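Asks: First, the structure itself, so that you have it in front of you.
No value in this document is a laboratory result; all are computed from the given coordinates. It should be emphasised that the depicted structure is a prediction, and the values quoted were computed from it without experimental measurement. No Cβ is skipped: glycine too gets one built from the backbone with ideal geometry, and neighbour counts run over all protein chains shown.
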Amino acid sequence: MNILLFCDDGYHPGNVPIEGMKPLEKKGYKITAVKDATSFDPGMIKNYDVLVMSKCDNISAENKGSWKTKEVQKSIFEFVENGGGLLVTHNGIVKGDETDLLDNLIGCYFESHPNDCPVTVGMIKPHDITNGVNIFTEIDEHYHLKILRDDVDILAASYAPPQGEKSKYETESYFNAPEFIAPCVLVRTEGKGRVCVLTPGHTLKVWLNSEFQKLLENALVWVANKRSM
């Protein structure tokens, strides 16, 4: 399976998903990582089976300009519509100023999260992606989501306990934030293609968790839809 990985932004080092996907390379998955989107050519997308988006709307960690141009969004939409697979992890669902086409393709976007805390992920629906994946807990950013599409199917949920501390973010107080449960594995289809969202993944420890690795590989196989194995 040929995979194009978009990663690296001002809040999420690209080496986290790069290192987090290395165990898959040992299984024969071929991964090409794009950290700096300055010279990215949307035309190259057609050469891959799956796009993995672990990158918010920053060109790179150093360059906070937008890489999700209308041309890029259109190329990703058409790639999926024509049968390609899109896997969006963690920071990939952070919306940009003008990313409505991509946000609606994904089916949701990030709204907020409390301080890093123990996040427990549990499967709630039988599916090829959740098959064989057991409940697991890691310190992570627990994402609140805004669901945009009625056809989004929620396969797993995550739970975080009350925080009991002030947020590091001045604009939103999470002092003694209540516990909450949120969707964390979501899927939808667009045309002939498939989309999956995995919200865990702020740290390498999460990526290398054995249960997350199962979830990750299952998701890649599902969105690829037998295009390449």
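Asks: Given springs between every Cα pair under 10 Å in a Gaussian network model of the chain, which of P17, P183, P42 has the largest fluctuation?
Replies: Of P17, P183, P42, the most mobile in the Gaussian network model is P42.
Asks: Note the listed values (1) 62, 31, 31; (2) 48, 40, 35; (3) 44, 37, 33, then indicate which one is Cα extents along the principal axes in Å calculated from this particular structure.
Replies: (2)
Asks: Sticking with this one: Report relative contact order for the chain in percent, whole number only (criteria: Cα-Cα under 8 Å, sequence separation at least 6). Show your work: numbers first, answer last.
Replies: Values: 525 pairs, mean separation 49.1, N = 229.
It comes to 21 percent, rounded to a whole number.
Asks: Here is a follow-up. Pairs K26/K70; K64/K226; K46/K214: which exceed 31 Å Cα-Cα?
Replies: Working: K26/K70 35 Å; K64/K226 36 Å; K46/K214 26 Å.
Over 31 Å Cα-Cα: K26/K70; K64/K226.
Asks: Summing Lys, Arg as +1 and Asp, Glu as -1, what charge do residues with Cβ under 10 Å from the Cβ of I3 carry, I3 excluded?
Replies: Numbers: positive: K30; negative: E25, D49.
It works out to a net charge of -1.
Asks: Next question. Classify segment 1-115 as rounded, prolate or oblate from the Cα gyration tensor: take a ≥ b ≥ c as the square roots of its eigenvalues, call it rounded if a/c is under 1.5, otherwise prolate when a/b beats b/c and oblate if not. Don't skip to the answer; put the middle values down first.
Replies: On the way: a/c = 1.43, a/b = 1.11, b/c = 1.29.
Rounded shape, in that the Cα axes give a/c under 1.5.
Asks: Follow-up. Please sort 23-33, 58-68 by packing, taking for each peptide the average over its residues of neighbouring beta carbons within 10 angstrom, highest first. Working shown, then result.
Replies: On the way: 23-33: 13.2, 58-68: 17.0.
So the peptides 23-33, 58-68, ranked by packing, come out 58-68, 23-33.
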